[in-house]
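The values are calculated or read from the model by the stated rules, or taken from the named source; none is laboratory data. These figures come from a predicted structure and were not determined experimentally. So basically every Cβ, Gly included, is an ideal-geometry build from the backbone, and we count neighbours across all protein chains shown.
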(Lines give C-alpha, C1' and ligand atoms only; values in the text may rest on other atoms or scores of the structure.)
Protein backbone atom coordinates (compact mmCIF):
# COMPACT_ATOMS: atom_id res chain seq x y z
CA UNK A 1 0.00 0.00 0.00
CA UNK A 2 1.43 3.42 -0.95
CA UNK A 3 2.78 5.38 1.99
CA UNK A 4 2.64 9.02 3.04
CA UNK A 5 5.88 10.37 4.51
CA UNK A 6 6.90 13.91 5.42
CA UNK A 7 10.48 15.19 5.47
CA UNK A 8 10.63 18.56 7.19
CA UNK A 9 13.16 20.87 8.81
CA UNK A 10 14.47 24.43 8.92
CA UNK A 11 15.77 26.29 5.89
CA UNK A 12 19.32 25.37 4.75
CA UNK A 13 19.35 22.13 6.76
CA UNK A 14 19.78 20.09 3.55
CA UNK A 15 16.24 18.83 2.94
CA UNK A 16 16.33 18.95 -0.85
CA UNK A 17 19.33 16.66 -1.38
CA UNK A 18 18.11 14.19 1.24
CA UNK A 19 14.59 14.25 -0.25
CA UNK A 20 15.86 13.41 -3.73
CA UNK A 21 17.90 10.49 -2.39
CA UNK A 22 15.00 9.24 -0.29
CA UNK A 23 12.50 9.57 -3.14
CA UNK A 24 14.78 7.59 -5.45
CA UNK A 25 15.22 4.93 -2.76
CA UNK A 26 11.44 4.61 -2.23
CA UNK A 27 10.26 5.25 -5.78
CA UNK A 28 8.31 8.20 -4.38
CA UNK A 29 7.03 11.47 -5.83
CA UNK A 30 7.61 14.73 -3.94
CA UNK A 31 4.88 17.13 -2.85
CA UNK A 32 6.23 20.53 -1.84
CA UNK A 33 5.40 21.92 1.60
CA UNK A 34 6.85 25.41 1.18
CA UNK A 35 4.77 28.57 1.01
CA UNK A 36 7.29 30.39 -1.21
CA UNK A 37 8.50 27.64 -3.54
CA UNK A 38 5.02 27.46 -5.08
CA UNK A 39 5.68 30.75 -6.89
CA UNK A 40 6.83 30.94 -10.49
CA UNK A 41 9.68 33.15 -11.62
CA UNK A 42 11.55 33.00 -8.30
CA UNK A 43 13.29 29.63 -8.50
CA UNK A 44 16.62 30.89 -7.17
CA UNK A 45 15.21 33.37 -4.67
CA UNK A 46 12.99 30.68 -3.08
CA UNK A 47 15.64 27.95 -3.45
CA UNK A 48 13.43 25.59 -5.43
CA UNK A 49 14.89 22.18 -6.30
CA UNK A 50 17.14 22.49 -9.34
CA UNK A 51 15.74 21.61 -12.76
CA UNK A 52 17.96 18.50 -12.87
CA UNK A 53 16.55 17.33 -9.53
CA UNK A 54 12.99 17.88 -10.70
CA UNK A 55 13.74 15.89 -13.84
CA UNK A 56 14.90 12.92 -11.77
CA UNK A 57 11.99 12.87 -9.30
CA UNK A 58 8.47 14.13 -10.02
CA UNK A 59 7.63 17.27 -8.00
CA UNK A 60 4.21 18.73 -7.21
CA UNK A 61 3.28 22.16 -5.77
CA UNK A 62 6.60 23.70 -6.80
CA UNK A 63 6.78 26.57 -9.33
CA UNK A 64 3.05 26.43 -9.99
CA UNK A 65 1.48 29.75 -8.85
CA UNK A 66 1.94 33.21 -10.38
CA UNK A 67 3.41 35.72 -7.87
CA UNK A 68 0.45 38.01 -8.57
CA UNK A 69 -1.81 35.41 -6.90
CA UNK A 70 -2.37 34.93 -3.18
CA UNK A 71 -2.02 31.36 -1.95
CA UNK A 72 -3.61 30.31 1.32
CA UNK A 73 -3.14 27.31 3.58
CA UNK A 74 -6.62 26.17 2.57
CA UNK A 75 -5.64 26.22 -1.10
CA UNK A 76 -2.48 24.34 -0.22
CA UNK A 77 -4.34 21.60 1.64
CA UNK A 78 -6.77 21.05 -1.24
CA UNK A 79 -3.99 20.97 -3.85
CA UNK A 80 -1.77 18.73 -1.72
CA UNK A 81 -4.59 16.24 -1.07
CA UNK A 82 -5.29 16.07 -4.79
CA UNK A 83 -1.60 15.48 -5.55
CA UNK A 84 -1.33 12.79 -2.87
CA UNK A 85 -4.40 10.96 -4.19
CA UNK A 86 -3.01 11.07 -7.72
CA UNK A 87 0.38 9.76 -6.58
CA UNK A 88 -1.18 6.93 -4.58
CA UNK A 89 -3.43 6.02 -7.52
CA UNK A 90 -0.24 5.44 -9.50
CA UNK A 91 0.95 3.08 -6.76
CA UNK A 92 3.76 5.40 -5.59
CA UNK A 93 4.67 6.71 -2.16
CA UNK A 94 4.09 10.44 -1.57
CA UNK A 95 6.93 12.35 0.10
CA UNK A 96 5.93 15.72 1.60
CA UNK A 97 9.01 17.98 1.68
CA UNK A 98 9.44 21.48 3.04
CA UNK A 99 9.69 23.83 5.96
CA UNK A 100 6.30 25.54 6.26
CA UNK A 101 4.94 24.24 9.54
CA UNK A 102 1.44 25.61 8.99
CA UNK A 103 1.12 23.66 5.74
CA UNK A 104 2.26 20.46 7.45
CA UNK A 105 -0.22 20.96 10.28
CA UNK A 106 -3.02 21.52 7.75
CA UNK A 107 -2.30 18.03 6.42
CA UNK A 108 -1.67 16.22 9.69
CA UNK A 109 -4.44 17.85 11.76
CA UNK A 110 -6.90 19.43 9.34
CA UNK A 111 -7.68 23.14 9.11
CA UNK A 112 -8.96 25.53 11.71
CA UNK A 113 -12.42 26.67 10.58
CA UNK A 114 -12.02 30.23 9.31
CA UNK A 115 -13.25 32.42 6.45
CA UNK A 116 -11.36 32.54 3.16
CA UNK A 117 -8.76 35.23 2.54
CA UNK A 118 -9.94 38.75 1.73
CA UNK A 119 -7.47 40.64 -0.46
CA UNK A 120 -8.82 44.07 0.50
CA UNK A 121 -8.31 43.45 4.22
CA UNK A 122 -4.92 41.91 3.58
CA UNK A 123 -3.75 44.89 1.54
CA UNK A 124 -4.81 47.25 4.32
CA UNK A 125 -2.96 45.23 6.97
CA UNK A 126 0.09 44.84 4.73
CA UNK A 127 0.18 48.62 4.32
CA UNK A 128 0.27 49.01 8.11
CA UNK A 129 3.15 46.54 8.33
CA UNK A 130 4.99 48.33 5.54
CA UNK A 131 4.59 51.75 7.15
CA UNK A 132 5.00 50.89 10.84
CA UNK A 133 6.49 47.38 10.95
CA UNK A 134 5.01 44.02 11.93
CA UNK A 135 5.22 44.99 15.61
CA UNK A 136 2.33 47.41 14.99
CA UNK A 137 0.19 44.49 13.81
CA UNK A 138 1.23 42.49 16.87
CA UNK A 139 0.17 45.34 19.17
CA UNK A 140 -3.19 45.55 17.39
CA UNK A 141 -3.67 41.80 17.73
CA UNK A 142 -3.04 42.01 21.47
CA UNK A 143 -6.20 44.11 21.83
CA UNK A 144 -8.33 41.87 19.60
CA UNK A 145 -7.02 38.37 20.28
CA UNK A 146 -4.54 38.19 23.19
CA UNK A 147 -4.27 34.39 23.01
CA UNK A 148 -3.27 34.48 19.34
CA UNK A 149 -0.87 37.37 20.00
CA UNK A 150 0.85 35.30 22.68
CA UNK A 151 1.35 32.46 20.19
CA UNK A 152 2.45 34.47 17.14
CA UNK A 153 5.92 36.02 16.93
CA UNK A 154 5.92 39.83 16.44
CA UNK A 155 7.95 39.40 13.23
CA UNK A 156 5.67 36.74 11.72
CA UNK A 157 3.79 39.15 9.46
CA UNK A 158 1.93 36.48 7.54
CA UNK A 159 0.31 34.88 10.60
CA UNK A 160 -0.36 38.27 12.20
CA UNK A 161 -2.20 39.38 9.07
CA UNK A 162 -4.27 36.18 9.02
CA UNK A 163 -5.25 36.46 12.69
CA UNK A 164 -6.29 40.10 12.27
CA UNK A 165 -8.05 39.30 9.01
CA UNK A 166 -10.20 36.64 10.70
CA UNK A 167 -11.15 39.10 13.43
CA UNK A 168 -11.97 41.86 10.94
CA UNK A 169 -14.15 39.53 8.85
CA UNK A 170 -15.97 37.70 11.66
CA UNK A 171 -15.64 39.78 14.82
CA UNK A 172 -14.43 36.58 16.49
CA UNK A 173 -10.84 35.91 17.58
CA UNK A 174 -8.94 33.28 15.64
CA UNK A 175 -7.96 31.61 18.92
CA UNK A 176 -11.66 30.85 19.53
CA UNK A 177 -11.63 28.67 16.42
CA UNK A 178 -8.50 26.65 17.17
CA UNK A 179 -10.43 23.70 18.58
CA UNK A 180 -12.68 23.44 15.52
CA UNK A 181 -11.11 21.59 12.62
CA UNK A 182 -12.36 21.42 9.04
CA UNK A 183 -11.31 18.25 7.23
CA UNK A 184 -9.90 14.98 8.47
CA UNK A 185 -6.33 14.54 9.61
CA UNK A 186 -3.90 12.50 7.54
CA UNK A 187 -1.85 9.72 9.14
CA UNK A 188 1.77 9.98 8.06
CA UNK A 189 5.30 9.33 9.18
CA UNK A 190 7.01 12.67 9.86
CA UNK A 191 10.82 12.84 9.81
CA UNK A 192 12.54 16.02 10.94
CA UNK A 193 16.06 17.02 9.88
CA UNK A 194 18.15 19.30 12.04
CA UNK A 195 21.77 20.29 12.65
CA UNK A 196 23.73 21.86 15.46
CA UNK A 197 22.60 25.48 15.76
CA UNK A 198 25.92 27.13 14.87
CA UNK A 199 26.41 24.86 11.88
CA UNK A 200 22.88 25.62 10.63
CA UNK A 201 23.48 29.36 10.97
CA UNK A 202 26.79 29.07 9.15
CA UNK A 203 25.07 27.24 6.27
CA UNK A 204 22.44 30.00 6.13
CA UNK A 205 25.09 32.73 6.02
CA UNK A 206 27.02 30.99 3.25
CA UNK A 207 23.87 30.33 1.22
CA UNK A 208 22.67 33.94 1.42
CA UNK A 209 26.04 35.37 0.42
CA UNK A 210 26.29 32.94 -2.49
CA UNK A 211 22.76 33.80 -3.62
CA UNK A 212 23.21 37.57 -3.59
CA UNK A 213 26.47 37.36 -5.52
CA UNK A 214 24.79 35.24 -8.20
CA UNK A 215 23.28 37.24 -11.05
CA UNK A 216 20.37 34.77 -11.34
CA UNK A 217 18.82 35.97 -8.07
CA UNK A 218 19.18 39.66 -8.89
CA UNK A 219 17.72 39.07 -12.34
CA UNK A 220 14.67 37.39 -10.78
CA UNK A 221 14.15 40.40 -8.51
CA UNK A 222 14.45 42.76 -11.49
CA UNK A 223 11.75 40.77 -13.32
CA UNK A 224 9.22 40.52 -10.49
CA UNK A 225 9.61 43.97 -8.95
CA UNK A 226 7.74 45.60 -11.80
CA UNK A 227 4.73 43.35 -11.26
CA UNK A 228 1.95 43.77 -8.71
CA UNK A 229 2.74 40.89 -6.40
CA UNK A 230 0.31 39.37 -3.92
CA UNK A 231 0.82 39.95 -0.20
CA UNK A 232 1.86 36.32 0.27
CA UNK A 233 4.40 36.37 -2.57
CA UNK A 234 5.99 39.53 -1.22
CA UNK A 235 6.89 37.67 1.99
CA UNK A 236 9.74 35.82 0.26
CA UNK A 237 12.91 36.31 2.27
CA UNK A 238 15.34 38.87 0.97
CA UNK A 239 13.03 40.45 -1.60
CA UNK A 240 12.67 43.83 0.12
CA UNK A 241 16.40 44.01 0.88
CA UNK A 242 17.37 43.15 -2.69
CA UNK A 243 14.95 45.75 -4.08
CA UNK A 244 16.58 48.39 -1.86
CA UNK A 245 20.01 47.22 -3.03
CA UNK A 246 19.01 47.49 -6.68
CA UNK A 247 17.56 50.96 -5.99
CA UNK A 248 20.91 52.01 -4.55
CA UNK A 249 19.45 52.83 -1.12
CA UNK A 250 21.33 50.01 0.63
CA UNK A 251 24.88 48.76 0.12
CA UNK A 252 25.89 45.19 -0.68
CA UNK A 253 27.41 44.29 2.69
CA UNK A 254 24.47 45.73 4.64
CA UNK A 255 22.06 43.84 2.39
CA UNK A 256 23.89 40.58 3.02
CA UNK A 257 23.93 41.13 6.79
CA UNK A 258 20.22 41.99 7.00
CA UNK A 259 19.18 39.11 4.76
CA UNK A 260 21.28 36.61 6.71
CA UNK A 261 19.74 37.78 9.98
CA UNK A 262 16.24 37.53 8.55
CA UNK A 263 16.76 33.92 7.43
CA UNK A 264 18.41 32.92 10.73
CA UNK A 265 15.42 34.33 12.63
CA UNK A 266 13.08 32.41 10.34
CA UNK A 267 15.00 29.16 10.92
CA UNK A 268 14.73 29.71 14.66
CA UNK A 269 10.95 30.16 14.38
CA UNK A 270 10.68 27.05 12.23
CA UNK A 271 12.48 24.99 14.88
CA UNK A 272 10.27 26.33 17.65
CA UNK A 273 7.18 25.45 15.60
CA UNK A 274 8.38 21.97 14.71
CA UNK A 275 9.66 21.14 18.20
CA UNK A 276 6.08 21.47 19.46
CA UNK A 277 4.97 18.65 17.15
CA UNK A 278 5.28 15.29 18.98
CA UNK A 279 4.83 13.31 15.75
CA UNK A 280 8.21 14.31 14.38
CA UNK A 281 11.04 11.78 14.52
CA UNK A 282 14.22 13.87 14.60
CA UNK A 283 17.51 13.11 12.89
CA UNK A 284 20.51 15.35 13.52
CA UNK A 285 22.76 15.57 10.46
CA UNK A 286 26.49 15.62 11.19
CA UNK A 287 28.60 18.30 9.55
CA UNK A 288 30.32 16.01 7.04
CA UNK A 289 27.45 13.58 6.54
CA UNK A 290 26.37 12.85 2.96
CA UNK A 291 22.73 12.83 1.90
CA UNK A 292 23.09 9.12 1.10
CA UNK A 293 24.25 8.44 4.66
CA UNK A 294 21.33 10.40 6.07
CA UNK A 295 18.88 8.39 3.96
CA UNK A 296 20.47 5.17 5.21
CA UNK A 297 19.84 6.33 8.77
CA UNK A 298 16.24 7.26 7.96
CA UNK A 299 15.54 3.88 6.35
CA UNK A 300 17.26 1.88 9.07
CA UNK A 301 15.24 3.65 11.76
CA UNK A 302 12.07 2.28 10.18
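Tabulated values for the structure
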| quantity | calculated |
| --- | --- |
| When residues of the range 206-219 are limited to those that are within 19 Å of the chain's Cα centre (by Cα) and buried (at least 18 other Cβ atoms within 10 Å of the Cβ), the one farthest from residue 165 (Cα to Cα) | 211 |
| Residue match in the range 43-63 (condition: within 20 Å of residue 108 (Cβ to Cβ), part of a strand (DSSP E or B) and either free of Cβ contacts under 8 Å to residues at least 24 places away in the same chain or under 12 Å from the mean Cα position of the chain (by Cα) (or both)) | no |
| Residue, farthest from residue 299 (Cα to Cα), within the range 190-224, restricted to residues that are outside any helix (DSSP H, G or I) and in contact (Cβ under 8 Å) with a residue 24 or more places away in the chain | 214 |
| Elements of type helices (runs of 4 or more DSSP H) in the range 107-175, at least 3 residues being under 28 Å from residue 7 (Cβ atoms) and modelled with pLDDT of 80 or more | 157-170 |
| Answer from 264, 279, 197 - the residue that is closer than 30 Å to residue 117 by Cα and surrounded by fewer than 18 Cβ atoms within 10 Å (Cβ to Cβ) | 279 |
| All positions within the range 71-106 that are buried (at least 16 other Cβ atoms within 10 Å of the Cβ) and not in a helix (DSSP H, G or I) | 71, 72, 92, 93, 94, 95, 96, 97, 98, 99, 100 |
| For residue 92: the one exception among (1) farther than 30 Å from residue 1 by Cβ; (2) touching a residue at least 12 places away in the same chain (Cβ under 8 Å) | (1) |
| Wholly enclosed helices (runs of 4 or more DSSP H) of the range 225-302 bearing at least 2 residues in contact with a strand residue (DSSP E or B) (Cβ under 8 Å, 6 or more places away or on another chain) and within 25 Å of residue 151 (Cα to Cα) | 252-275 |
